[in-house]
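Data first, discussion second: the structure below is written as structure tokens.
Coordinate-derived values only; no laboratory data. Being a predicted model, the structure only gives us computed values, none of them experimental. Cβ coordinates were reconstructed from backbone atoms using ideal geometry, including for glycine residues, and neighbour counts include every protein chain displayed.
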Ligand SMILES: [Zn+2]
């Protein structure tokens, strides 16, 4: 059972490190050997896709809060209790600290997304100097409609 739960969370959290996944699960659940199970969990995709060596934060020349990456996920499909559900989400990542904020958004309008961006990022952290984003229309709307 614990392996199934770890596998599900690992996929839903977009393949986090064992430290990040352990911290996330321990914030909400208790299992005597949770950390051991997470450290033993070997995701085939991560083993093939994640490079060894220094992490991204060791490669950047930016100060914290100077540069962030933003993306809109539409839609993200997940299986929950035998139902298939779709999510729309906004992700913001400080490229220096790797701090991640994810907001569940409910529609794709630019005003709605800009409001969530303000609430998720701009209300909490200094306004960044530069943004990394794809050239999708929704990302452009998000950045240019935010204050
Ligand atoms: Zn993985």
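If each residue's Cβ is checked for other Cβ atoms within 10 Å, how do 73, 93 rank with the fewest at the top? The partial results should precede the final answer.
Numbers: 73 14, 93 19.
Lowest to highest Cβ neighbour count: 73, 93.
According to the square roots a ≥ b ≥ c of the eigenvalues of the Cα gyration tensor, what is the shape class of region 2-49, taking rounded for a/c under 1.5, prolate for a/b larger than b/c otherwise, and oblate for the remainder?
Values: a/c = 1.84, a/b = 1.59, b/c = 1.16.
The shape class here is prolate.
With label points built 7 Å along Cα→Cβ from the Cα atoms of residue 129 and residue 77, find their separation and express it in nm.
The answer from the label model is 4.3 nm.
Give the calculated FRET efficiency between residue 8 and residue 115 to the nearest 0.05, with a Förster radius of 35 Å applied to their Cβ-Cβ distance.
For residue 8 and residue 115, the calculated efficiency is 0.70.
First check a/c for region 67-132, with a ≥ b ≥ c the square roots of the eigenvalues of its C-alpha gyration tensor; if it is under 1.5, answer rounded, and if not, answer prolate when a/b is larger than b/c or oblate otherwise.
Prolate.
Using the 10 angstrom Cβ neighbour count as an exposure proxy, how do 74, 94 rank, fewest first?
Going from sparsest to densest Cβ surroundings: 74, 94.
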